[in-house]
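Novice: Pasting in a structure now, in structure tokens, and then I'll have a few things to ask.
The values are calculated or read from the model by the stated rules, or taken from the named source; none is laboratory data. All of these numbers come straight from a predicted model, not from anything done at the bench. So basically every Cβ, Gly included, is an ideal-geometry build from the backbone, and we count neighbours across all protein chains shown. Each accessible area value is taken on the protein alone, full model and side chains, heavy atoms only, with ligands, DNA and RNA left out. Shrake-Rupley method; radii C 1.70, N 1.55, O 1.52, S 1.80 Å.
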Amino acid sequence: MLNHELIVYRAFEPEEGQILEDIAFLMERGEAMAQEGGEARGKARDLLHRSVNSLLELAGTNGFYGNLWHCYLANLLVNHENSYSRACEIRGAVEGTVNEAALHDIAIFKQLYDYDFGPLTAALDMPFFGMVLSYEPCPEAGRIYNTRIRDRICALARQMSGARTAQEMKDELTGFYREYGVGKFGLHKAFRVARDEHGVHIVPILNIRHVHMDDLVGYELAKEKLIENTEAFVAGKPANNCLLYGDAGTGKSSSIKAITNEYYDRGLRIIEVYKHQFQDLNEVIAQIKSRNYRFIIYMDDLSFEDFEIEYKYLKAVIEGGLEKKPENVLIYATSNRRHLIRESFHDRDGTDFSEKHGGDTVQEKLSLASRFGVSIYFGAPSMEEYQQIVEKLAQRNGIETAGEELRQEAVRWEMRHGGFSGRTAQQFIDHLLGKEQQ
């Protein structure tokens, strides 16, 4: 079968490659099985029914439309991480012998693209197969990709189907790799870490809040410092690990999410790691250090009690051992504490006589925060600043409450809901919007 002749684009995941396996088999043997009749014809029909079901399920989970067979093939190609696709991600076309192997495989995919299903479906009396060749999705379809990526994969499927030669087809695919990258890191912005019996895995986060820096009112100096450091990082210049600290609800985590959205197009990706996963950090870094992306390892609400020792793993990763820290990895953390690790007066004044060198304990605990080259403070706004944030958020959301009335209501809301902060302001606006929709 054609798919068994692939060189570079082979060894698909079982769930991903099954449709290709089944339809390639039918392309080669389906019409003969139909003529044979009986059990052989029934098997071929069952196989095609199963393929239709799988393509429709693919459309539902990915939001694909148009020719689902072509979209499926395009999806295989944009997700397959191999020597050619990894070389092309973000950088575009590359030189070398690997191009010959890739072109050989794309020529096979062109045959798969160009196959006329008419005689096969006629022989098996299955005219409804046409529904997967011109599919219209329901509005709610699509949970795997964001709309932009989904549309780009469907567009790639159309472009590749219109290519006159395998080389033109390969050029379209290479253009996709240059624009988006390949595989999970190319098609997703944010990730989390999971561990199972097979090891440590970096798993895409499918729903990330689409907040941008312009959406965050206030904190201009803090945002400027964060943008400056991130800008240097994505440009391949020296940059520092960042600690965003300060009062709760002041936009520290939202700023990190905004950075993720702002710089995704320039190859920035973010991996969220929780405190109990710090022992897996070296494995995570090993999986990403050779990729052509820039990765931020993100730790939200980072702090340690004095009995917790996970911070030692973090210190080791930031400081680095014998191996040089990869240039494409930074650590961004948020915390309500400046020094991250809880200290006691015993640490400071030596009244805990069980430890002879109390000063060493202090330095041990302070040294973690000092490993973040950039520390950015997010303080609670004053009442006037809080009211200004409320007014700007109200304007953005089309709330027409008069200025002074709005300011007074905002203060009354704050008195019942936990202090001046950007979070409190947003919660107040959400409250007003909810009342308007009742």
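Novice: Only one of (1) open to solvent by less than 60 Å² (accessible area, probe 1.4 Å); (2) more than 21 Å from His80 (Cα to Cα) is not met by His49, so which one is it?
Specialist: Against the list (1) open to solvent by less than 60 Å² (accessible area, probe 1.4 Å); (2) more than 21 Å from His80 (Cα to Cα), His49 comes up short only on (1).
Novice: Ala194 fails exactly one of the following numbered conditions: (1) open to solvent by 30 Å² or more (accessible area, probe 1.4 Å); (2) closer than 19 Å to Arg294 by Cβ; (3) hydrophobic (A, V, I, L, M, F, W, C). What is the number of that condition?
Specialist: (2)
Novice: Okay, next question. Could you please give the count of residues in region 147-187 that are open to solvent by less than 50 Å² (accessible area, probe 1.4 Å) and without any contact (Cβ under 8 Å) to a residue 40 or more places away in the chain?
Specialist: Residues of region 147-187 open to solvent by less than 50 Å² (accessible area, probe 1.4 Å): 149-150, 152-157, 160-161, 163, 166, 169-170, 173-177, 180-183, 185-187.
Those left that are additionally without any contact (Cβ under 8 Å) to a residue 40 or more places away in the chain: 149, 152, 155.
So the count comes out to 3.
Novice: Among the candidates Ser54, Ser85, which residue alone is free of Cβ contacts under 8 Å to residues at least 60 places away in the same chain, polar (S, T, N, Q) and either crowded, with 17+ Cβ neighbours inside 10 Å or outside any helix (DSSP H, G or I) (or both)?
Specialist: Result: Ser54 is the single residue among Ser54, Ser85 that is free of Cβ contacts under 8 Å to residues at least 60 places away in the same chain, polar (S, T, N, Q) and either crowded, with 17+ Cβ neighbours inside 10 Å or outside any helix (DSSP H, G or I) (or both).
Novice: Here's another thing I want to ask about it. Looking at (1) over 20 Å from the mean Cα position of the chain (by Cα); (2) part of a helix (DSSP H, G or I); (3) modelled with pLDDT under 95, which is the one condition that is false for Val94?
Specialist: Looking at each condition in turn, Val94 falls short on (2).
Novice: Among the listed residues Ala93, Ala32, Ala102, Ala74, identify the single one that is of a type in the set (A, V, I, L, M, F, W, C) and over 18 Å from Glu172 (Cβ atoms).
Specialist: Ala32 is the lone residue from the list that is of a type in the set (A, V, I, L, M, F, W, C) and over 18 Å from Glu172 (Cβ atoms).
Novice: Which one is nearest to the chain's Cα centre (by Cα) among residues in region 203-240 that are surrounded by 12 or more Cβ atoms within 10 Å (Cβ to Cβ), of a type in the set (A, V, I, L, M) and more than 25 Å from Arg291 (Cβ to Cβ)?
Specialist: Val211
Novice: Considering only region 43-89, state which residues are within 15 Å of Leu133 (Cα to Cα) and among the hydroxyl-bearing types (Ser, Thr, Tyr).
Specialist: The answer is Ser51, Ser54, Tyr65, Tyr72.
Novice: Which one of the conditions (1) open to solvent by 90 Å² or more (accessible area, probe 1.4 Å); (2) part of a helix (DSSP H, G or I); (3) under 25 Å from Cys242 (Cβ atoms) does Thr424 fail to meet, given that it meets all the rest?
Specialist: (1)
Novice: Mind listing whichever residues of region 385-421 are in contact with a Gly (Cβ under 8 Å, 6 or more places away or on another chain), of a type outside the set (D, E, K, R) and open to solvent by 50 Å² or more (accessible area, probe 1.4 Å)?
Specialist: Of the residues in region 385-421, the ones in contact with a Gly (Cβ under 8 Å, 6 or more places away or on another chain) are 385, 388-389, 391, 418-419, 421.
In the following step, the residues that additionally are of a type outside the set (D, E, K, R) were identified as 388-389, 418-419, 421.
Matches in region 385-421: Gln388, Gly418.
Novice: Inspect region 359-371 for any residue being open to solvent by 30 Å² or more (accessible area, probe 1.4 Å), within 22 Å of Ser253 (Cα to Cα) and either part of a helix (DSSP H, G or I) or at pLDDT 70 or above (or both) and give the result as yes or no. Explain how you work it out, then say what you get.
Specialist: First pass over region 359-371, keeping only residues open to solvent by 30 Å² or more (accessible area, probe 1.4 Å): 359-360, 363-364, 366, 370-371.
Add one more test, that the residue is within 22 Å of Ser253 (Cα to Cα), and what stays is 370-371.
Pick out the ones that are also either part of a helix (DSSP H, G or I) or at pLDDT 70 or above (or both) and you get 370-371.
The answer is yes; a qualifying residue exists.
Novice: Among the residues of region 211-250, which ones are modelled with pLDDT of 90 or more and acidic (Asp, Glu)?
Specialist: Passing the criteria: Glu224, Glu228, Glu231.
Novice: Take the conditions open to solvent by 10 Å² or more (accessible area, probe 1.4 Å), at pLDDT 90 or above and within 18 Å of Gln111 (Cβ to Cβ) and apply them to Leu133. Does it pass?
Specialist: yes
Novice: Of the conditions (1) under 29 Å from the mean Cα position of the chain (by Cα); (2) open to solvent by 30 Å² or more (accessible area, probe 1.4 Å), Leu68 clears all except one; give me its number.
Specialist: Leu68 satisfies every listed condition except (2).
Novice: Any residue that is at pLDDT 90 or above, under 12 Å from Lys189 (Cβ atoms) and open to solvent by less than 10 Å² (accessible area, probe 1.4 Å) - is there at least one of those in region 285-295?
Specialist: Yes, region 285-295 contains a residue that is at pLDDT 90 or above, under 12 Å from Lys189 (Cβ atoms) and open to solvent by less than 10 Å² (accessible area, probe 1.4 Å).
Novice: Considering only residues that are more than 18 Å from the chain's Cα centre (by Cα), open to solvent by 20 Å² or more (accessible area, probe 1.4 Å) and not hydroxyl-bearing (Ser, Thr, Tyr), look in region 296-309 and name the one that is modelled with the lowest pLDDT. Don't jump to the end; show me each part of the working.
Specialist: Within region 296-309, the first condition is being more than 18 Å from the chain's Cα centre (by Cα), and the residues that meet it are 301-309.
When the remaining residues are screened for being open to solvent by 20 Å² or more (accessible area, probe 1.4 Å), the result is 301, 303, 305-309.
Right, trim to not hydroxyl-bearing (Ser, Thr, Tyr) and you get 301, 305-309.
Details: Asp301: 81, Glu305: 63, Asp306: 63, Phe307: 54, Glu308: 59, Ile309: 61.
Of everything passing the filter in region 296-309, Phe307 is modelled with the lowest pLDDT.
Novice: Of (1) over 27 Å from Val390 (Cα atoms); (2) at pLDDT below 90; (3) open to solvent by less than 40 Å² (accessible area, probe 1.4 Å); (4) under 20 Å from the mean Cα position of the chain (by Cα), Ser253 satisfies all except one. Which?
Specialist: All conditions are met except number (1).
Novice: Sticking with this one: For region 396-404, check the following and say yes or no: at least one residue is of a type in the set (Asp, Glu), at pLDDT 70 or above and closer than 25 Å to Leu226 by Cβ.
Specialist: To start, the set of residues in region 396-404 that are of a type in the set (Asp, Glu) comprises 400, 404.
Add one more test, that the residue is at pLDDT 70 or above, and what stays is 400, 404.
Within this subset, residues satisfying the condition of being closer than 25 Å to Leu226 by Cβ are none.
Looking for residues that are of a type in the set (Asp, Glu), at pLDDT 70 or above and closer than 25 Å to Leu226 by Cβ, one finds none in region 396-404, hence no.
Novice: Can you report the number of residues in region 372-421 which are aromatic (Phe, Trp, Tyr), assigned to a helix (DSSP H, G or I) and under 34 Å from the mean Cα position of the chain (by Cα)?
Specialist: Our first condition is that a residue be aromatic (Phe, Trp, Tyr); within region 372-421, this holds for 372, 377-378, 386, 413, 420.
Narrowing further to those that are assigned to a helix (DSSP H, G or I): 386, 413.
With the extra rule that they be under 34 Å from the mean Cα position of the chain (by Cα), the set shrinks to 386.
Selection size over region 372-421: 1.
Novice: Residues Glu15, Glu31: which one is part of a helix (DSSP H, G or I), charged (D, E, K, R), open to solvent by 40 Å² or more (accessible area, probe 1.4 Å) and in contact (Cβ under 8 Å) with a residue 40 or more places away in the chain? Show your work before the answer.
Specialist: Working: Glu15 fails: in contact (Cβ under 8 Å) with a residue 40 or more places away in the chain.
After applying the criteria, what remains is Glu31.
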